[in-house]
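No value in this document is a laboratory result; all are computed from the given coordinates. Bear in mind the structure is a predicted one, so any value in this text is a computation, not a measurement. Every residue, glycine as well, gets a Cβ built from its backbone with ideal geometry; the counts of neighbours run over all protein chains shown.
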Amino acid sequence: APRLLAMGTEDGAKGHTTSTASTTASQAAVKAVKATVDKGVNAVTMTSHRKVPAKASEESFEDAGGKPAKFVPTLMRAARLARLYYNGDQKVRARVLLGAMLVMCCCTTGLMVVFSYVQRDMSTALSSKDVPGFYVSIRKYICVIIVAAPLFAIYHYMQSLVALEWRLWLTRLLVHKYFSNHAYFALKAEGTMDNPDQRICDDVRNFVESCNSVLLAVVQKFLSMGAFFGVLWGISPELLLFCFAYSLAGTIVTTKFFGSKLMGLHFQALRREGGLRLGLG
C-alpha cells in the first residue's frame, strides 16, 4: 500500500507539473499573440496619423515626393517606362508597329504639304482667271483626296493599334506587380495611394495616349517646319523669325501658367471618378 501510494503521489506530481507547463505555454502564446496584435494596431495607427505630403490632385501636378513636377525629369521617367515596353519581350512587334506609325505620320504630313500647294495653285488660277490651270488644279485636288482618304484612315488605325498593344502590355505588367509580393496589402496598409485599380486602368490609357500624341505632334511639326521653311524664308526672313519667336513664347506661357493647373485638375477629376466607382461598387 505505501508503495502504491508513493506511485500515485509521483504520478500526480508529474501530471500537475505537465498541467502547469501547459498553462504556462498557453499564457506565453496568448501574450505573444496579444503583443503582435498591439504592434499591428500601433503601426496602423501611426500610418493613419502620419502626415502625408500634399497630393498632385489638390493644387498642381506633383511627383511622388510631393514636389512640383518638372518637365525634363517627367520626360525622363516617361522614357524609362517606354523603354520597358520597346525593350521587353514583345520588342519586335512593338518596334515594327511604332515604325509603321511613324512612316504613316511622315506620309500624311507630306500629303498635307502637297495639298497646300494644290490649294495655292487653285487660288492662283482663280485670281488670274486661268481656266485650264483651274481644271488642272481640280484634277490634282481630286487625286489628293482619293489618296488621302484611305491614308488617313490607315494612319488613325495604326495610332489606335500601337496604343492598344502598349496599353495591354503595360496593364498586364502592372497587374502582375500589383498582386506580387503582397503589394496589394502594402498599399492598403500605407494608405498613400488611392484607388490603385483606377490608376491601372485609366492612368495607363492616359499615359499611352499622351506619349503617342506627343511623339506624333513633334514629328509632324518638325516635318512641316522643314517643308515650309524654304517657302517662308523666300517670302520674308523676318516673317520666319517672327513665327519662331511667337510659337516659342506661346508655348512657354501656356505651359508655365496653364499647363500645370490643367494637369492638376485633370488628375483630380480622375481621382474623384475612381472614388465614385469605388463607392458605387
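Here are the numbers:
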{"item": "Surrounding net charge for Phe207, when Lys and Arg each add one and Asp and Glu each subtract one, Cβ distance under 11 Å", "result": "+1"}
{"item": "Values of log10 I(q)/I(0), in the order q = 0.15, 0.22 Å⁻¹, for the range 121-194 under a Debye, Cα-only, solvent-free model", "result": "-0.73, -0.93"}
{"item": "Debye, to nearest 20: dipole size of the range 114-243, +1 on Lys, Arg Cβ, -1 on Asp, Glu Cβ", "result": "320"}
{"item": "Cut-off under 5 Å, modelled amide H: who pairs with Asp130 long-range", "result": "none"}
{"item": "Positive minus negative residues near Asp89 (Lys, Arg vs Asp, Glu; Cβ under 14 Å)", "result": "+4"}
{"item": "Distance between modelled label sites at Val214 and Phe179, nm, 7 Å Cα→Cβ extension", "result": "3.1"}
{"item": "Sites matching chymotrypsin sites (Phe, Trp or Tyr not before Pro) across the range 163-210 that sit in DSSP coil, with at most 11 neighbouring C-beta atoms within 10 Å", "result": "Phe179"}
{"item": "Within-14-Å neighbourhood charge of Phe134 [Cβ basis; K, R +1; D, E -1]", "result": "+2"}
{"item": "Simple label model, 7 Å out from Cα along Cβ direction - Thr251 to Leu102, nm", "result": "1.9"}
